[in-house]
1. Please turn the phi angles of the stretch 108-123 into ³J(HN,Hα) values with the Karplus equation 6.51 cos²θ - 1.76 cosθ + 1.60 (θ = phi - 60°), one per residue in order, whole Hz, x for glycine and proline.
2. Mind grabbing the accessible area of Y40 for me, 1.4 Å probe, Å², rounded to tens?
3. If each Cα of the chain is one equal point scatterer, what is log10 of I(q)/I(0) from the Debye formula at q = 0.08, 0.09, 0.13, 0.18 Å⁻¹?
4. Which order do K91, K206 take when ranked by solvent-accessible area (1.4 Å probe, heavy atoms of all protein chains), largest first?
5. Ordering F214, F87 by accessible area with a probe of 1.4 Å, largest first, what comes out?
6. Identify all aspartates and glutamates with a Cα-Cα distance to K63 below 12 Å; exclude those on the same chain that are fewer than 8 residues away in sequence.
7. Which whole-Hz ³J(HN,Hα) couplings does the stretch 18-32 yield from phi under the Karplus relation 6.51 cos²θ - 1.76 cosθ + 1.60, θ = phi - 60°, glycine and proline marked x?
8. Among P78, P182, P120, which one shows the biggest mean-square fluctuation in a GNM of the chain, springs joining Cα atoms closer than 10 Å?
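The values are calculated or read from the model by the stated rules, or taken from the named source; none is laboratory data. Computed from a prediction, not measured in an experiment: that's the story for all the values here. Cβ: placed from backbone, ideal geometry, glycine included. Neighbour counts: every protein chain shown. Calculation scope for accessible area: heavy atoms of the full protein, side chains included, ligands and nucleic acids excluded. Shrake-Rupley method; radii C 1.70, N 1.55, O 1.52, S 1.80 Å.
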Amino acid sequence: MNESQHVSRQFDDDLGALRTQVLEMGGLVETQVAAAIEAYSSGEIGSVKLIVETDRKVNEFEKTIDDDCAHLIAKRQPTASDLRLVFGITKIVTDLERAGDEAKKIAKGVRRIYEAGQMPSQYGIGVRHIAEAALSMVREALDAFARLDAELAERIIRADADVDTEFKSIVRQLITHMMEDPRTITTSIDIIWIARAVERIGDHAKNIAEHVVFIVEGRDIRHPPKGNRA
């Protein structure tokens, strides 16, 4: 193996290690979101501490991956598709970190509700359904990144509209609850904030999918012209 082949092999190894780190970080975020959803349904608020501790690990991953990307750019000076991958990774880890923050918000909202002696299920609101949809988006976005699958990424982007619509429906229902019975205001507001956090997780999964399209095809589809929007 000559020197250029050796350098190329090392560069490929570095890129592979970066992708593995992103998927490990994504697995932690998935765990956070799933645990927060389960806490909402079960009232097991003991898991809130674990979710917060996991968030610290997610933050550490973000810092490490960002540093590794910076070193890789400085040392290897990647071009074209490799540079898109490195830049895409820096954006993906930011969205993963923010999705983890939203999971932490859900957990803290759940704790407030249950510690106040309330039960979210009494409100008949479909937060669990929208949360499962958002979690599925996160899983599929990570799968799209792992396989660099632009077609799957575009399906995830389209799915975000359903989550947004369902979030708006939940807010309308809770406003009705508050108008009919002012005693429900405090818990209703907490549930709205939880639903909003779930909707934001879906947004971050959509963002990740958009970054995958950019990595694979070099197309930036984050801000389409108004005439091209759905």
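1. Along the stretch 108-123, the couplings run 5, x, 4, 4, 4, 4, 6, 5, 7, x, 9, 10, x, 4, 5, 8 Hz.
2. Surface accessible to solvent at Y40 totals approximately 20 Å².
3. -0.34, -0.42, -0.78, -1.22
4. K91, K206
5. Numbers: F214 60, F87 95 Å².
Largest to smallest exposure gives the sequence F87, F214.
6. Excluding near neighbours in sequence, the set is E97.
7. Karplus-based 3J(HN,Hα) across the stretch 18-32 equals 4, 4, 5, 4, 4, 5, 5, 4, x, x, 5, 5, 4, 4, 4 Hz.
8. In this elastic network of the chain, the residue with the biggest mean-square fluctuation among P78, P182, P120 is P182.
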